[in-house]
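We did not get these values from a lab; they are worked out from the coordinates using the rules stated. Every value quoted in this text rests on a predicted model; they were computed, and no experiment measured them. Heads up, the Cβs are rebuilt from the backbone with ideal geometry, glycines too, and the neighbour counts pull from every protein chain shown.
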Amino acid sequence: MYDYENNLFIRYLGIEPWILTYKKMNSFTQQRDDNTLDEIWMVEHTPVFTQGRTSKKKDILFINSKIPLFNSNRGGKITYHAPGQQLMYTLINLKKRKINIRSLILMLEKTVINILFYIGIKTDKLLHKYNTGVYINNKKVASIGLKISRGYSLHGIAINVDMNLLPFSYINPCGFSKLKMIQIKDLVPNIKISIIKNLMVNEFIKLLNKYSKI
């Protein structure tokens with residue numbers, strides 16, 4: 001979908017394998033130039049573990065042969081994706097918009113904080129200055145992983161909405177052995193992922209326009 005007002009594309013990809021989205025995202029970034037419009041991709045993935053560039057073997061606690069494990073070029077360590085978790089990939093020309101990576105991280109965190117506040121959920125402050133993401137009652141509800149290539153951002157943020165959290169216990173999520181995960185459904189039982197999806201898009205675009213200097 002082309003957003004005429006904000007001059008970017010929003011793609012709703014449904015549920016698809018992580019590796020397929022990953023390949024498309026990297027191909028898009030490799031081929032784009034300063035005339036290519038920014039894009040936001042909304043997607044859920046079939047069950048998968050992904051390892052970031054700083055992942056360590058010790059963070060895999062249990063091997064589940066039914067869930068594939070892939071290496072990724074994003075920052076961060078190991079995480080889990082599955083249906084019921086909403087991902088928003090932000091393919092943004094940071095140079096053109098004059099946004100640095102720290103500002104992008106803050107925008108992604110603020111997107112989730114704002115929509116959770118909107119539906120009546122209060123979030124915590126960060127547990128650790130080097131551990132990005134969003135927390136509720138010391139449990140992580142949203143995780144961020146990014147890569148910057150030639151001034152273009154890849155990957156984005158994942159928020160747990162209504163999913164099976166058990167496979168998170170097979171790993172040290174984000175490399176933290178005592179980190180527990182939470183999902184919105186635990187606090188708002190009737191939540192619909194479609195609501196979260198729409199709120200994420202709208203809120204992120206507001207913040208993108210606020211932070212951009214073009």
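Remark on residue 136: its backbone amide H falls under 5 Å from those of 124, 141, a criterion applied only to residues 5 or more positions apart or on other chains, H modelled at 1.01 Å from N. Since only 138, 49, 94 are under comparison, the one whose Cα sits farthest along the positive direction of the charge dipole of segment 2-211, derived from C-beta charges on Lys, Arg, Asp and Glu, is 138. Within segment 44-91, the chymotrypsin sites (Phe, Trp or Tyr not before Pro) that combine a DSSP coil assignment with at most 16 other C-beta atoms in a 10 angstrom radius are 62. Per-residue Karplus couplings for segment 191-201, computed as 6.51 cos²θ - 1.76 cosθ + 1.60 with θ equal to phi - 60°, are listed in order as 5, 10, 5, 4, 5, 4, 4, 5, 5, 4, 4 Hz, Gly and Pro entered as x. Across segment 71-144, the convex hull enclosing all Cα atoms gives 120 Å³ per residue. Look at the alpha carbon pairs under 8 Å that are at least 6 residues apart: their mean separation over the length of the chain gives a relative contact order of 22 percent.
In units of the compact-protein estimate 2.2 N^0.38 Å, segment 28-81 shows a Cα radius of gyration of 1.46.
Taking trypsin sites (Lys or Arg not before Pro) across segment 1-88, the ones in a DSSP loop with at most 11 further Cβ atoms lying within 10 angstrom of their Cβ are 56, 66. As a ratio to 2.2 N^0.38 Å, the alpha-carbon radius of gyration for segment 130-214 is 1.25. Please check which bits of segment 70-90 a label hung off residue 60 would reach, taking the label as a point 7 Å along Cα-to-C-beta and the cut-off as backbone N under 13 Å. Under 13 Å, as judged by backbone N against the label point of residue 60, lie 70-72, 78-79 of segment 70-90. Overall, segment 2-211 carries a charge dipole of about 800 debye about its Cα centre when +1 sits on the Cβ of Lys and Arg and -1 on the Cβ of Asp and Glu, all other atoms neutral. Computed from phi, the 3J(HN,Hα) profile of segment 46-54 under the Karplus parametrisation 6.51, -1.76, 1.60 (θ = phi - 60°) reads 5, x, 6, 9, 10, 10, x, 5, 10 Hz, with x in place of Gly and Pro.
Its convex hull of Cα atoms gives the chain a direction-averaged projected area, equal to a quarter of the hull surface, of 11.1 nm². Between segment 150-214 and segment 38-107, the alpha-carbon centres lie 10 Å apart.
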